[in-house]
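Remarks on the structure that follows.
What follows draws every value from the coordinates through simple rules; no lab data is involved. Since the structure is predicted, the reported quantities are computational estimates derived from the model, not experimental observations. Using ideal geometry, Cβ is built from the backbone for each residue, glycine included, and neighbour counts are taken over all protein chains shown.
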Protein chains: 2
Amino acid sequence: MYTDNPSMFSKSCEYGLRAVIFIAQQTTKNNKVSLTTVSEEIDSPQAFTAKVLQQLTKNNIVKSIKGPYGGFVIEDHKMDTKLSEVVSVLDGDSIYTGCGLGLKQCDAKSPCPLHNKFVAIRNDLRNMLENNSLRSLAADMNADLAILKR
Amino acid sequence: MYTDNPSMFSKSCEYGLRAVIFIAQQTTKNNKVSLTTVSEEIDSPQAFTAKVLQQLTKNNIVKSIKGPYGGFVIEDHKMDTKLSEVVSVLDGDSIYTGCGLGLKQCDAKSPCPLHNKFVAIRNDLRNMLENNSLRSLAADMNADLAILKR
DNA sequence: TTTATAAAGGATATTTTTGTCCTTTATAAA
DNA sequence: TTTATAAAGGACAAAAATATCCTTTATAAA
């Protein structure tokens with residue numbers, strides 16, 4: 001019925017989050033990083049990660065520089081980007097807005113059997129993604145409070 | 001990048017949850033329900049729903065009766081089945097156990113940047129699925145506190 | 001200005017999930 | 001015992017997600 005992970009986020013989103021957090025951390029050290037470095041350091045498929053970074057570049061979350069000595073950086077004012085914005089670009093917002101049982105119409109007025117029980121979970125998730133910025137996570141990494149590889 | 005819903009559960013699991021809740025509610029009214037009825041009432045693809053119900057039958061969550069006047073029921077002692085058991089059969093338990101960023105190894109000792117922030121959300125989700133049984137949800141439906149269609 | 005480098009973009013391939021169709025098996029009722 | 005009915009099961013199809021490859025574009029440095 002299932003092969004591995006019906007996870008919270010899609011693979012695109014997982015790679016995207018890992019990538020921006022890594023790039024953010026490197027940016028705090030004034031390092032510009034290439035696609036090759038990113039995919040090695042976050043252990044993700046390179047060409048696929050390129051596509052994800054293209055999306056994030058188009059949406060002005062990361063900045064890309066072409067040519068020799070090029071790579072990816074996150075500009076200082078973009079370090080305040082919330083995780084929710086990254087997720088929104090890559091997975092949309094159905095994690096917050098969608099019905100847990102997949103009903104098209106499901107709200108407080110005509111709720112599915114799980115609607116009210118999902119409210120707290122969804123709010124927790126939203127708050128978590130809105131209260132964590134690339135800057136704060138990069139700081140956690142720099143303080144060795146977290147790792148991205150493995 | 002995405003077409004519709006990176007939802008909490010797979011489609012199989014959404015249909016499965018809707019189906020067992022519906023069957024549970026009908027069981028409280030002493031109704032045995034056919035696949036056709038189930039898929040009509042929960043608005044799901046019939047043949048696909050059949051496969052999902054087969055899984056749940058194999059795992060002894062629903063009881064199926066073949067032949068004329070056959071259909072699906074949930075035996076009384078199975079009405080205390082927790083949603084977590086249904087989810088476990090259809091999607092596995094990676095929603096609880098897996099890393100939010102998709103890392104293979106991620107735990108309190110070497111946490112990804114989101115690990116600790118995910119703990120609360122995951123626990124909420126687990127508690128919700130463990131504290132709701134088919135019996136309690138069927139009761140909600142009978143009390144018109146919830147609907148499954150649309 | 002040429003060259004080398006690195007991201008962008010387009011086309012295509014693979015895998016997984018979702019979905020259908022048809023035959024087989026079990027069983028209740030005539 | 002025959003017949004009709006409904007689930008089980010196997011094979012297959014379509015769609016979506018994941019992943020790769022190759023060409024084009026931009027650019028920094030020689």
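If each label sits 7 angstrom from Cα along the C-beta direction, how far apart, in nm, is B:Tyr2 from its counterparts in the other copies?
The projected label point of B:Tyr2 is separated from its counterparts by 1.7 nm.
Listing A:Thr27, A:Thr49, A:Thr57 from the residue with the fewest other Cβ atoms within 10 Å to the one with the most, what is the order?
Fewest-to-most ranking of A:Thr27, A:Thr49, A:Thr57: A:Thr57, A:Thr49, A:Thr27.
Excluding residues on the same chain fewer than 8 positions from B:Lys66, give the lysines whose Cα lies under 16 Å from its Cα.
Output for B:Lys66: B:Lys32, B:Lys51, B:Lys58.
Could you give the nm distance between label points at B:Ser64 and B:Ser34, where each point is 7 Å from its Cα heading toward the beta carbon?
In this crude spin-label approximation the distance works out to 1.5 nm.
Expressed as a whole number of Å, what is the distance separating the alpha-carbon centroids of region B:80-129 and region A:63-108?
That distance is 21 Å.
Defining the label point at 7 Å along Cα→Cβ, can you sort the distances from B:Asp43 to the same site in each other copy, shortest first, in nm?
4.2
Hey, any idea what Rg/Rh is for the protein assembly as shown, computing Rh the Kirkwood way over Cα pairs?
Here Rg/Rh amounts to 1.05.
Between the label point of A:Asp93 and that of the same position in each other copy, find the distances and list them shortest first in nm, with every label point placed 7 Å from Cα along the Cα-to-C-beta direction.
For A:Asp93, the inter-copy label distances come out at 3.5 nm.
Loop sites only, by DSSP: take the chymotrypsin sites (Phe, Trp or Tyr not before Pro) in chain A that have at most 13 other C-beta atoms within 10 Å and name the longest stretch containing none of them.
Longest stretch, sites excluded: A:70-150.
Order of B:Leu137, A:Leu103 from fewest to most other C-beta atoms within 10 Å?
Ordered by Cβ neighbours within 10 Å, fewest first: A:Leu103, B:Leu137.
For B:Lys109, go through the lysines and keep the ones whose alpha-carbon is under 18 Å away, minus same-chain ones fewer than eight residues off.
Once the sequence-local lysines are set aside, what remains near B:Lys109 is A:Lys149, B:Lys117.
A:Thr27: net charge of surrounding residues, Cβ under 12 Å, Lys/Arg +1, Asp/Glu -1, itself excluded?
Overall, the nearby charge balance is +3.
Using 7 Å Cα-to-Cβ label points, what is the A:Met1/B:Gln55 separation (nm, one decimal)?
Roughly 0.4 nm, to one decimal.
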